[in-house]
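K.L.:
Quick one: the structure is below, and I'll ask about it shortly.
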Amino acid sequence: MISVEGLKVEFGVKPLFVDASFVINDRDRIALVGKNGAGKSTMLKILCGQQKATAGNVSVPTDCRIGYLPQVMILQDDTTVRQEAQKAFADITKMKERLDKMNQELAERTDYESESYLTLIEKYTTEHERYMMMGAENYEAEIERTLTGLGFVRSDFERPTSEFSGGWRMRIELAKILLQKPDVLLLDEPTNHLDIESIQWLEQFLAQSSSAVVLVSHDRAFINNVSNRTLEISCGKVIDYKVKYNEYVVLRKERREQQLRAYENQQKEVADMKAFIERFRYQATKAVQVQQKIKQLEKVVPIEIDEVDNSAMHLKFPPCLRSGDYPVICDEVRKDYGAHTVFDHVTLTIKRGEKVAFVGKNGEGKSTLVKCIMNEIPFTGELKIGHNIQIGYFAQNQAQLLDENLTVFQTIDNVAKGDIRLRIKDILGAFMFGGEESDKKVKVLSGGERSRLAMIRLLLEPVNLLILDEPTNHLDMPSKDVLKEAIKAFDGTAIIVSHDREFLDGLVTKVYEFGGGKVREHLGGIYDFLQSKKISELNELGRETNYSQAGNNVSPVREQNIPSKGTSAEQKALVQQAADKAMSYAERKEQQKRKNRAEKAVKESEAKIEKMEGRLKELDDLLMKPENASDMVLVTEYTQTKQALDEEVERWEKLSEELESINY
């Protein structure tokens, strides 16, 4: 399908890769792997024609359609989600317009026996058959199926794309590409903005798709489930393994062992030749043999050994004071944003030493509960933090708090203590800050690089409660392995918000599922949870639907709160009736005025909260861009807006209480 021959790419003195040759065949599922900076994203750009190689050829058939999802793209804001998805069917839309035009012409003309009329009928018939063969009648259903699979709900379809965060808008772009049904799909980190359920849906979609797929991802479980072939970029070469990712890891280890043996044999031969030359250099009887050895030595091509990452390196959190038996206790915790209930009746206890995962679809309240635990936002209910707790917290905005005038090395050196200071360069190398990268100033780092640096810093601080919100989004596989091993060895308590199944596997022993405004506890690891969830979905489908249809944040009605007939409900009605009779007309009118004023004040407050939340999302997206990372105007606005939001939420709570007192 696509043929690559002798590809070479140079950006500096050392080329990214040379003499790369391979073929992408129908239904290939290719995992493109290699260290960060090896050239994976560059290879995808060359395959789709966005970038030119220094040398070599990429042959793409004229009828081959390529769909490319980059890590970063410019997104439009002038349409709804459905309208944006419909752009994938632009050809079908144009065809329908042509058919409608021909149909109208056939209806208006009366020269039924003319040759041009018969030609028009034939043309219309052919075009209509082609239109039906393309599945044009079902494209709206395909749009809904794809958007739903990627995590959108039906109420989102008519919302403007500008209301969504960058991650959700990337999902819209992914939906458009999948709906186009290209012959070749090029996906660069497609899982970065997906939750576990959406990742599983994408896995199934790619498995059933007839398209060839070339995939770059740091989600090990995802690429292993999708791939049937692995292309590795290493030492400036592209090596083709005709196996899925897990099998490639084994073969790569065997390959490197063979390289080491060959390298050792070559070094021995070179040493023998050099010894022979030195020994007989000045003996006339050996002159011919010496010259032969010199020529042989000049022709020796040094055997290269595949680069080895530092993932075998071990890191441990520094020792910390022993915490209380129960670091986190939630009792009937509830969080509302205006009229929107994120969750309620959250009751859970996390014991010392437990490592738990918060999972669920985006927007269901995982990060919100973390912020409640950190006391960053107000909530109702009771939430206790245990005795002697020292929290280490990682969130996306933590990266903005780094000192921009320090270098990468200085940032870590300032928090490192004891023997770990002797290994700072090794630690930085494990998290892709090796060599000259460690001398960079923080202010020139991208958002992803800052996140990685904040993660390293957290690893070196003495804490006994670790809270990580999506820690793996900007880490490659070796870095994730280092982090995972450090958390496993951590003797404190850990709360991890993540959609990375492979990262959570073997790490957590309890899963809290967020959804439908509730938080449900599941004992066992992440794969135990996924397996049980499939079973429970079948058994509980009817019960789940009863309350989910009313809205994602409506809680199931508790049996003990349902009034029995003829008791409390009837008494309440009688009391209200008596009160109404006793109240004069003037009093009722005055109460209605106060109620109207209170309702208006609550609505105005909710509108302000919604506006400020929208602006915070915009600022968040802007600050994650490298060019804005050091923009103090944006940072100041973000801080001021967040403070104003907190104050407005407190005001809204008071106004809501006043309204409730009027109603009852």
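K.L.:
Please go through (1) open to solvent by less than 10 Å² (accessible area, probe 1.4 Å); (2) within 21 Å of Ala38 (Cα to Cα) for Leu251 and return the number of the only condition it doesn't satisfy.
P.N.:
(1)
K.L.:
Looking at the structure I just gave you, is Glu197 in contact with a Lys or Arg (Cβ under 8 Å, 6 or more places away or on another chain) and of a type outside the set (A, V, I, L, M)?
P.N.:
Yes: the conditions hold for Glu197.
K.L.:
Looking at the range 349-366, which of the residues that are touching a helix residue (DSSP H, G or I) at 6+ places or on another chain (Cβ under 9 Å) and open to solvent by 10 Å² or more (accessible area, probe 1.4 Å) is nearest to Ala489 (Cα to Cα)?
P.N.:
Per the stated criteria, the residue is Lys355.
K.L.:
Sticking with this one: Taking the condition open to solvent by 50 Å² or more (accessible area, probe 1.4 Å) and farther than 29 Å from Val4 by Cβ, does Tyr263 pass?
P.N.:
It is false that Tyr263 is open to solvent by 50 Å² or more (accessible area, probe 1.4 Å) and farther than 29 Å from Val4 by Cβ.
K.L.:
Which numbered condition trips up Ala416, out of (1) touching an Asp or Glu at 6+ places or on another chain (Cβ under 9 Å); (2) open to solvent by less than 20 Å² (accessible area, probe 1.4 Å)?
P.N.:
Looking at each condition in turn, Ala416 falls short on (1).
K.L.:
Kindly provide the set of residues from the range 495-516 that are open to solvent by 10 Å² or more (accessible area, probe 1.4 Å) and in a strand (DSSP E or B), ordered by number.
P.N.:
The answer is Lys510, Glu513, Gly515.
K.L.:
Right, here's the next one. Do any helices (runs of 4 or more DSSP H) entirely within the range 51-162 hold 1 or more residues that are in contact with a helix residue (DSSP H, G or I) (Cβ under 8 Å, 6 or more places away or on another chain) and open to solvent by 60 Å² or more (accessible area, probe 1.4 Å), and if so, which?
P.N.:
Fully inside the range 51-162 and qualifying: 90-108, 115-133, 139-149.
K.L.:
If only one of Lys87, Lys101, Lys123, Lys96 is of a type in the set (Lys, Arg) and under 23 Å from Ser198 (Cα atoms), which one is it?
P.N.:
Lys87
K.L.:
Also, quick follow-up: Kindly provide the set of residues from the range 473-489 that are closer than 24 Å to Pro319 by Cα and open to solvent by less than 10 Å² (accessible area, probe 1.4 Å), ordered by number.
P.N.:
Ser479, Val482, Leu483, Ala486, Ile487
K.L.:
Select, from Phe431, Phe409, Phe379, the only residue that is hydrophobic (A, V, I, L, M, F, W, C), open to solvent by less than 10 Å² (accessible area, probe 1.4 Å) and out of contact with any Gly (no Cβ under 9 Å at 6 or more places or on another chain).
P.N.:
Only one candidate passes the filter, namely Phe431.
K.L.:
Checking the condition in contact with a Phe, Trp or Tyr (Cβ under 8 Å, 6 or more places away or on another chain), touching a residue at least 24 places away in the same chain (Cβ under 8 Å) and of a type in the set (A, V, I, L, M), which residue from Ile373, Ile350, Ile389, Ile412 passes?
P.N.:
Answer to the selection: Ile350.
K.L.:
Going by the conditions given, is Lys242 of a type in the set (Lys, Arg), in contact (Cβ under 8 Å) with a residue 40 or more places away in the chain and open to solvent by 30 Å² or more (accessible area, probe 1.4 Å)?
P.N.:
It is false that Lys242 is of a type in the set (Lys, Arg), in contact (Cβ under 8 Å) with a residue 40 or more places away in the chain and open to solvent by 30 Å² or more (accessible area, probe 1.4 Å).
K.L.:
Right, here's the next one. Please go through the range 364-390 and pick out each residue that is of a type in the set (Gly, Ala, Ser) and either under 22 Å from Gln643 (Cα atoms) or not in a loop (DSSP other than H, G, I, E, B) (or both).
P.N.:
Hits for the range 364-390 are Gly365, Ser367, Gly381.
K.L.:
Just give me the residues in the range 235-251 being assigned to a helix (DSSP H, G or I) and not aliphatic (A, V, I, L, M), in sequence order.
P.N.:
Tyr245, Asn246, Glu247, Tyr248
K.L.:
Tally up the residues in the range 274-308 that are surrounded by 10 or more Cβ atoms within 10 Å (Cβ to Cβ) and farther than 25 Å from Gly236 by Cα, please.
P.N.:
Number satisfying all stated conditions: 18.
K.L.:
Please state which of the following conditions Val359 fails to meet, knowing it meets all the rest: (1) in contact with a Pro (Cβ under 7 Å, 6 or more places away or on another chain); (2) within 24 Å of Arg501 (Cβ to Cβ).
P.N.:
The one condition Val359 does not meet is (1).
K.L.:
Identify, by number, the condition in (1) more than 30 Å from Asn388 (Cα to Cα); (2) outside any helix (DSSP H, G or I) that Pro471 doesn't meet.
P.N.:
(1)
The values are calculated or read from the model by the stated rules, or taken from the named source; none is laboratory data. From a predicted model like this one, the values you see are computed outputs, not experimental measurements. Glycine also receives a Cβ, built like all others from the backbone with ideal geometry; neighbour counts cover every protein chain displayed. The accessibility values were calculated without ligands, DNA or RNA, using every heavy atom of the protein model including side chains. Shrake-Rupley method; radii C 1.70, N 1.55, O 1.52, S 1.80 Å.
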